[in-house]
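One structure is given below, encoded as structure tokens.
The values are calculated or read from the model by the stated rules, or taken from the named source; none is laboratory data. Worth saying up front: this structure is predicted, and the values here are computed from it rather than measured. When we count neighbours, we look across all protein chains shown, and the Cβ atoms used for this are built from the backbone with ideal geometry, even at glycine.
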Amino acid sequence: MGHDDLPTLELAFPGPERDRGLAAIRSGEKTAFTGLLEIYRHAGREVPTAGQRFAVLDSEGVPAVTIELVEVRVLPMAEIDDAFAIAEGRGYADAAEWRTEHEEFFGGDGVAEFLGRAPVIDGGTSVVAQRFRVVDSVTS
């Protein structure tokens, strides 16, 4: 199955944040990411499962990397541990720093615009914590 046959995945919003995330995936530094459960529900999407593959899109909307999920957990933000925070490949020192950054991102204008309202973001907020492996990378 090629990139074009897979469901797509967009990390963050297009631009520098997405570009850094994609570079971290390609380097092997990023092996995990987190989604807000409320976004899945609002979009009418099922929570993914281990074994599913996705084409990760770059900032231009072009498939850049194919990943396969190896672990998917739904849990409160407060239960994200240091190892998972570090696996996100964004330079987080620990779970506390991860929580601060994710509370800011999930509570930001982009998410509020998508949901049509500002979500309540705190330690009890449910997130979808996903670990993955790179299956294929498109080089340009």
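Consider segment 101-111 and keep the residues that are farther than 20 Å from GLU71 by Cβ and outside any loop (DSSP other than H, G, I, E, B). The one that is farthest from the chain's Cα centre (by Cα) is ASP109.
Take the conditions (1) surrounded by fewer than 19 Cβ atoms within 10 Å (Cβ to Cβ); (2) out of contact with any helix residue (DSSP H, G or I) (no Cβ under 6 Å at 6 or more places or on another chain); ASP81 misses just one of them, which is (2).
Counting residues in segment 93-114 that are touching a His at 6+ places or on another chain (Cβ under 9 Å) and at pLDDT below 95 gives one or more. Output the residues belonging to segment 112-140 that are within 28 Å of GLY28 (Cβ to Cβ) and either in a helix (DSSP H, G or I) or among the aliphatic types (A, V, I, L, M) (or both). VAL127, VAL128, ALA129, VAL134, VAL135, VAL138 - these are the residues of segment 112-140 that are within 28 Å of GLY28 (Cβ to Cβ) and either in a helix (DSSP H, G or I) or among the aliphatic types (A, V, I, L, M) (or both). Looking only at segment 38-55, residues that are farther than 24 Å from THR125 by Cβ and in a strand (DSSP E or B) come to 2 in all. Can you find even one residue in segment 85-100 that is exposed (fewer than 15 other Cβ atoms within 10 Å of the Cβ), under 15 Å from GLY35 (Cβ atoms), within 14 Å of the chain's Cα centre (by Cα) and not basic (Lys, Arg)? No - not one qualifying residue is present in segment 85-100.
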